[in-house]
Amino acid sequence: MIKYFIFFILFSIPFLATWAQPDPASNHSESSSEASSRPLLEISVRREDAKYRPYQYYESLSYQSQMPLSDITGNRVIFTPFDIRLKSATRSWGLDLSYQTFNLRNYGYDYLYIGIPVSYSYFYHSAFNPLKREDIRLLGFFYPITGVVHQFGIGFGARNINLSDGYSSAFYGYYFEKFHNYGPEISAKYRYRFAEKFSISLQTGYFYTRGNRIYERGTIAYNGVDPPIPMKSWGSSATKGELAGFDSRAVLSYAFRDNITIDLGYHYTFAWFHYINYYDISLPYNRMFYNNYYHNSKEGYNPDVIRGVSLGITVAIEFLPNEQDEQ
């Protein structure tokens, strides 16, 4: 994560050099614009309590031999996202850096496996592999409305979403699947200050990311008749993962101090995950190159949903005035 923070700071230096100079044409009244000649840095940290429904869960529901008997359980995550926002002296331009990461373990659901004949059916609890999700985005914003009561901005930038899950066991072998997805994002945000110390902020955006799939699995195949056979599987280099969707957040803020706000927020992300050119290679097997059994089912689009509430704090820091401001 440190490399992203360093990149943000280095990328901001030329903007800071420009923004530090006051703009004589920007001396608007306080009723129409936030009168300031100093760049503003905002740092937000929050504690989020969310429910995550990963695409693996929806993917498993597509198997025709399974009849779900319960909703997903154990999918609660508590994590600490943070945001760094930098605004120009005129408040008409800005940069936003966001980061969040969490792990999900011990989640699954109950289902009825329907066998052929029906006498081979049984109840089962599906436990998924532990997974990790990491989300980083950097957006540049233009603010056509910069008033004290109303603020509106449109942003463009890049997003990086890393997904990984897997396990390692002396009895079952090992398995891992990773995606490092990158892509563009467009976003819009609006803030309404409806009282002296209270404001509401809304932000929504659309992102599209794609990345290579890194997959490997090692296990022992045993059918009860033949000797155990070591098996190893690799993912094809042509296989990619596609994750795209909408990300929205609403925040109610209370100005505890002039430069400190307490933030109560609601976060909702709805995305679709899609395998592209899904293909595995397994050795040894009946054929040297074998299409995975779930080839067709993994070509569909499966939802990937995060929904949560948060409580956080934002600290605003204005840069020191230059000599022209002091005169």
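The values are calculated or read from the model by the stated rules, or taken from the named source; none is laboratory data. Just so it is clear, the model here is predicted, and its values are computed rather than measured. So basically every Cβ, Gly included, is an ideal-geometry build from the backbone, and we count neighbours across all protein chains shown.
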Report task. List every residue pair whose Cβ atoms sit under 6 Å apart, with the two residues 6 or more apart in sequence or on different chains, where the first one lies in segment 43-58 and is at pLDDT 95 or above and the second, anywhere, is among the aromatic types (Phe, Trp, Tyr) and surrounded by fewer than 20 Cβ atoms within 10 Å (Cβ to Cβ). Result -> Val45/Phe82; Glu48/Phe79
Query raised in the report: Do we have any residue at all in segment 31-38 that's hydroxyl-bearing (Ser, Thr, Tyr), over 24 Å from the mean Cα position of the chain (by Cα) and at pLDDT 90 or above?
Result: no
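Condition check ((1) of a type in the set (A, V, I, L, M); (2) at pLDDT 95 or above; (3) closer than 21 Å to Ser88 by Cα) across all residues:
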position	(1), (2), (3)
Tyr143	no, yes, yes
Thr146	no, no, yes
Ser164	no, yes, no
His180	no, yes, no
Pro184	no, yes, no
Tyr190	no, yes, yes
Glu196	no, no, no
Ser201	no, yes, yes
Report task. Starting from segment 119-142, take each residue that is under 25 Å from Tyr109 (Cβ atoms) and list its partners that are outside any strand (DSSP E or B) and of a type in the set (Lys, Arg), counting only C-beta distances under 7 angstrom and pairs at least six apart or across chains. Result -> Pro130/Arg105
**Report entry** Members of segment 239-269 found to be polar (S, T, N, Q) and not in a strand (DSSP E or B), listed by number
**Finding:** Thr239, Asn259
Report task. Among the candidates Phe176, Phe194, Phe156, single out the residue that is hydrophobic (A, V, I, L, M, F, W, C), more than 17 Å from the chain's Cα centre (by Cα) and surrounded by 13 or more Cβ atoms within 10 Å (Cβ to Cβ). Result -> Phe176
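Residues are listed down the side, and each one gets a yes or a no for (1) closer than 22 Å to Val45 by Cβ; (2) touching a strand residue (DSSP E or B) at 6+ places or on another chain (Cβ under 7 Å); (3) among the hydroxyl-bearing types (Ser, Thr, Tyr):
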| position | (1), (2), (3) |
| --- | --- |
| Thr101 | yes, yes, yes |
| Pro130 | no, yes, no |
| Leu138 | yes, yes, no |
| Tyr143 | no, yes, yes |
Query raised in the report: Quick one: how many residues across segment 74-105 are over 21 Å from the mean Cα position of the chain (by Cα) and more than 23 Å from Pro39 (Cβ to Cβ)?
Result: 0
